[in-house]
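The values are calculated or read from the model by the stated rules, or taken from the named source; none is laboratory data. No experiment lies behind these values; they were computed from the predicted model shown. Glycine also receives a Cβ, built like all others from the backbone with ideal geometry; neighbour counts cover every protein chain displayed.
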Amino acid sequence: MARTLKASDSDGNQAAATRTIAKAIEAVAKILGNTKAVCRKCYVHPAVLEAYRDGSLHEAPPQGTTKLKPSDELRVDEGAVLALLTRKVKNGYRINAQAGLRRQLKRSLHRAKNASASKQRGRADRK
């Protein structure tokens with residue numbers, strides 16, 4: 001995602017940036033075999049989108065921003081995203097994902113429980 005965004009330029013135009021982000025999310029969703037909504041929510045960090053909009057995605061990461069062990073084996077683009085996120089956090093970026101994730105997990109568990117109960121009722125009805 002970050003690689004796709006970094007390859008394009010919005011020229012500071014927010015409408016163009018929004019269109020570019022939508023196209024990039026669509027392309028990534030197609031590669032991953034997911035919907036755009038799932039891709040945006042589960043695979044794209046909000047800080048990457050924010051960095052694209054504010055122009056900081058195009059900044060070169062400072063030397064030594066990522067302290068990786070050779071065993072981490074990150075690709076160059078993965079290391080660049082890690083450096084971006086590290087830089088954002090050091091500059092005070094915070095996202096309250098905890099509450100959202102908790103709510104999403106609770107919903108998922110509720111749906112799974114309901115689906116399981118529904119299947120069991122269906123089996124009982126067939127007997």
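Things to note:
- Selection count, the stretch 28-42, where residues are surrounded by 15 or more Cβ atoms within 10 Å (Cβ to Cβ) and either touching a strand residue (DSSP E or B) at 6+ places or on another chain (Cβ under 8 Å) or of a type outside the set (D, E, K, R) (or both): 4
- Inter-residue pairs, beta-carbon under 9 Å, first on the phi < 0 side of the Ramachandran plot and assigned by TED's automatic domain parsing to the domain that holds Asp54 and in the stretch 13-27, second acidic (Asp, Glu) and surrounded by 13 or more Cβ atoms within 10 Å (Cβ to Cβ), 6+ apart: Ala16/Asp9; Thr20/Asp9
- Taking the numbered list (1) at pLDDT below 70; (2) part of a helix (DSSP H, G or I) in turn, Ile95 passes all entries but (2).
- Only listed residue being polar (S, T, N, Q) and modelled with pLDDT of 75 or more, chosen from Ser56, Ser71, Ser116: Ser56
- Whichever residue in the stretch 80-92 is crowded, with 17+ Cβ neighbours inside 10 Å and small (Gly, Ala, Ser) and, among such residues, is modelled with the highest pLDDT: Ala83
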